[in-house]
1. For the chain, what does -39500 (n - 2.57) per DSSP helix run (n ≥ 4), summed and divided by total residues, give at 222 nm, in deg cm²/dmol to the nearest 500?
2. Under a 1.4 Å probe, what is the accessible area of segment 47-103 per residue, stated in Å²?
3. Sort ARG92, ARG128, ARG167, ARG158 by heavy-atom solvent-accessible area, probe 1.4 angstrom, most to least.
4. Which FRET efficiency value, to the nearest 0.05, is calculated for LEU36 and THR80 with the Förster distance at 41 angstrom and r the Cβ-Cβ distance?
5. Pairing the Cα long axis of helix 153-165 with the longest principal axis of the chain, what angle in degrees results, from 0 to 90 and rounded to the nearest 10?
6. Counting each pair of different Cα atoms once, what's the Kirkwood radius of the chain in Å, rounded to one decimal?
7. Ignoring GluC sites (Glu not before Pro) that are buried or in helix or strand per DSSP, and keeping those with at most 14 other beta carbon atoms within 10 Å, what is the longest stretch of the chain between them?
8. Quick one: of LYS22/LYS115; LYS22/LYS114; LYS12/LYS34; LYS34/LYS114; LYS8/LYS114; LYS22/LYS94, which pairs are farther than 22 Å apart, Cα to Cα?
Amino acid sequence: MIDLQVGKPAPKFEMAAVMPDKSFGKVSLEENIKLLKWTVLFFYPMDFTFVCPTEITEMSDYYDDFEELDATIIGVSTDTVYTHLAWINTERTKNGLGQLQYPLAADPNHQLAKKYGVLVEEEGVALRALFIINPEGELQYHVVHHNNIGRDTEEVLRVLQALQTGRLCPASWRPGDDTL
């Protein structure tokens with residue numbers, strides 16, 4: 001059974017990733033905690049699909065907005081770093097990703113997807129899930145979508161901004177609105 005709950009520590013991780021400069025590197029939750037960064041960790045099913053590039057590239061297009069909020073974005077699937085790199089090296093006009101502003105991490109052994117409770121065992125892929133973790137390593141938000149439905153990056157930003165107020169935010173709250 002997965003013991004994953006908002007308000008509790010998020011599962012720690014360190015994974016191989018393709019970095020924004022297309023080199024191979026590592027990403028870790030511990031490093032983000034040391035840097036006092038919020039972590040936006042999102043899982044997607046697999047590389048070279050149809051819905052995934054729309055949200056992966058949109059997250060990259062909004063990268064500066066996340067950076068202004070001291071948030072690090074990490075995308076992850078059960079594919080390898082080599083598959084990630086091949087997809088990044090494919091132009092957006094050809095269903096590729098092109099240049100990304102954040103790392104894509106690899107979970108080919110499915111360990112992180114299992115820890116976060118989003119692995120579809122029989123398919124060996126992750127669900128389309130997103131987790132926001134505060135700088136102390138505490139899970140603040142998570143959402144899982146059907147794999148046919150892409151996420152809304154502006155909604156992710158809105159939720160992150162609401163969490164960062166540290167206040168009660170009513171339904172449909174937007175930055176600049178009064179909190180409760």
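The values are calculated or read from the model by the stated rules, or taken from the named source; none is laboratory data. Given the structure is predicted, the values throughout are model-derived calculations rather than measurements. With ideal geometry, Cβ positions are generated from the backbone for all residues, glycine too; neighbour counts draw on all protein chains shown. Remember, those area values only see protein heavy atoms, side chains included, never the ligands or the DNA or RNA. Shrake-Rupley method; radii C 1.70, N 1.55, O 1.52, S 1.80 Å.
1. Estimated from H runs of four or more residues: -7000 deg cm²/dmol.
2. 46 Å²
3. ARG167, ARG92, ARG158, ARG128
4. With a Förster radius of 41 Å, E is 0.85.
5. Result, in degrees: 40.
6. Answer for the chain: a Kirkwood hydrodynamic radius of 16.5 Å.
7. So the longest stretch without any such site is 1-90.
8. LYS22/LYS115; LYS22/LYS114; LYS34/LYS114
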